[in-house]
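The values are calculated or read from the model by the stated rules, or taken from the named source; none is laboratory data. Quantities reported herein were computed from a predicted structural model and do not represent experimental measurements. Note: ideal-geometry Cβ built from the backbone for every residue, glycine included; neighbour counts use all protein chains shown. Just the protein is used for accessible areas: all its heavy atoms, side chains included, with ligands, DNA and RNA removed. Shrake-Rupley method; radii C 1.70, N 1.55, O 1.52, S 1.80 Å.
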Amino acid sequence: QKMRLHLPLLYICASVGLSNGYSSSSSNQKQSRSPTNGDNNRRRTFLKNAIAAIATTTTSAVPIYSAANAVERAVGVGEQKCRTEGNCLEVGEWDGAVGWQWGGKDRCDPSDPLCSANGQMRVNANGEVPALPVPQVPTQITDVVQIEVNIGRTETRAIQIGLYGNDYPELVSEFKAFVAGDDGLTTTNPLFFQQGYGVSAAPVTLKVGGVLNRVYPQQKLEFGVPSQSSSYAKRIGKSRAPDDFVPQPRPAPSTIASSSKTAKIVRKHDVAGLVSVPMDGLGYASSGASDDEAFANAFDITAAADANADKRGKLVIGQVMDVEGMDAVLRLSSLPVSKGIAGVLPGQNFGPPLVKVSVKGTGFVGTAPAAIAVASAAGADSQ
């Protein structure tokens with residue numbers, strides 16, 4: 001960037017150098033002549049001095065924002081203040097706006113289970129690790145599924161999810177098929193899966209190619225399958241899907257609209273540990289995405305209360321069931337994220353986790369036992 005910035009000046013200097021080397025300095029001599037060794041030496045010396053002058057000017061007059069320098073600046077008071085106030089762009093704190101955080105010597109290792117999204121360890125003043133409470137159960141839990149994830153290469157966490165099947169039967173049925181079903185979720189004609197039909201296709205499932213796609217630090221987690229074609233290629237052991245591959249489209253909203261849009265709201269997005277899906281069904285979180293990427297954000301798990309989710313047409317269809325699962329939610333929601341271009345905008349601090357989180361396996365734990373108590377309305381509201 002520095003070189004591009006000074007290319008016009010370098011070009012002018014080079015032109016002057018060539019002119020001085022190839023043209024006579026005498027005002028009476030109008031014809032050009034061939035360069036001599038002395039001319040070449042003078043030209044080289046002139047260019048060398050010009051480039052040195054440009055480098056000196058760049059170093060002294062133009063700040064050099066290397067990645068290392070940006071990281072060092074990121075720990076300053078100015079960045080912390082503008083991030084708190086949400087005005088990094090307005091006050092010119094570029095590092096604060098872009099979000100350079102990782103790589104500084106005072107930042108924790110993102111692969112450390114206690115390393116949080118702000119680069120600090122997840123311990124309080126007493127040296128204790130904070131915890132998230134398990135949500136109270138507001139209605140009957142009909143099924144329990146488990147999602148096991150790999151965090152990087154060395155850490156594994158498991159989340160058990162209880163589902164409100166009696167309240168949202170069609171949405172829960174889709175969720176179970178997508179997350180833990182033997183075959184996966186099918187929204188096309190099953191004949192597509194038969195050999196000789198003329199296309200390549202497979203059900204979409206979190207078991208193959210499923211990831212923690214996006215983290216909103218200490219707010220929510222987005223799980224899904226970023227690309228069905230890539231998942232299919234992985235399924236058949238190829239580097240890419242065949243040209244005749246047909247992804248599963250979103251389910252028709254009319255098949256669930258009658259139940260989900262008229263059903264009562266079992267609970268709002270009022271605590272951490274709630275499983276949330278679009279009211280129209282899985283695949284509708286990003287309506288502008290192609291069929292191949294429709295299930296990139298199939299469902300969310302809250303890491304804090306999220307009143308905006310109620311306004312965006314999301315429904316809570318289940319919840320995390322135990323302390324181990326809530327600890328996994330806290331761990332995942334504390335991962336440092338790769339913000340990319342989103343980090344340039346104030347408040348846009350979400351993105352894919354810097355440490356890849358992939359789905360290791362899923363399955364049914366079983367039908368929920370009748371011993372699971374249904375909390376009173378007051379108790380549920382307090383949680």
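Okay, here's what the table says:
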quantity: Where a residue in the stretch 274-298 is aromatic (Phe, Trp, Tyr) and its partner, wherever it lies, is assigned to a strand (DSSP E or B), with Cβ under 9 Å and at least six apart; calculated: Tyr284/Val277; Tyr284/Pro278; Phe295/Leu185; Phe295/Val204; Phe295/Gly224
quantity: Residue within the stretch 294-302 that is among the aromatic types (Phe, Trp, Tyr) and modelled with pLDDT of 95 or more present; calculated: yes
quantity: Pairs with Cβ under 6 Å, 6+ apart, first in the stretch 229-248 and more than 18 Å from Gly184 (Cβ to Cβ), second open to solvent by less than 30 Å² (accessible area, probe 1.4 Å); calculated: Arg240/Ala233; Pro242/Ser200; Asp244/Ser200
quantity: Residue selected from the stretch 269-289 under the condition among the small types (Gly, Ala, Ser) and touching a Pro at 6+ places or on another chain (Cβ under 6 Å), by the criterion most open to solvent (accessible area, probe 1.4 Å); calculated: Ala285
quantity: Residue list for the stretch 185-204, restricted to those being assigned to a loop (DSSP other than H, G, I, E, B) and without any contact (Cβ under 8 Å) to a residue 60 or more places away in the chain; calculated: Asn189, Gln194, Gln195, Gly196, Tyr197, Gly198, Val199, Ala201, Ala202, Pro203
quantity: Complete set of residues in the stretch 289-336 that are of a type in the set (A, V, I, L, M) and part of a loop (DSSP other than H, G, I, E, B); calculated: Ala289, Ala294, Ala296, Ala298, Ala303, Ala304, Ala305, Met321, Leu335
quantity: Any chance Ser239 is surrounded by fewer than 22 Cβ atoms within 10 Å (Cβ to Cβ), touching a Pro at 6+ places or on another chain (Cβ under 8 Å) and more than 26 Å from Ile141 (Cβ to Cβ); calculated: no
quantity: Of all residues in the stretch 337-369 being assigned to a loop (DSSP other than H, G, I, E, B) and modelled with pLDDT under 70, the one that is surrounded by the fewest Cβ atoms within 10 Å (Cβ to Cβ); calculated: Pro369
quantity: Counted residues, the stretch 200-235 - those being open to solvent by 70 Å² or more (accessible area, probe 1.4 Å) and in contact with a strand residue (DSSP E or B) (Cβ under 9 Å, 6 or more places away or on another chain); calculated: 3
quantity: Unmet requirement for Leu171, which otherwise passes all of (1) hydrophobic (A, V, I, L, M, F, W, C); (2) under 28 Å from Leu335 (Cβ atoms); (3) in a loop (DSSP other than H, G, I, E, B); calculated: (3)
quantity: Residue match in the stretch 321-336 (condition: open to solvent by 30 Å² or more (accessible area, probe 1.4 Å), at pLDDT below 95 and either among the basic types (Lys, Arg) or more than 20 Å from Gly152 (Cα to Cα) (or both)); calculated: no
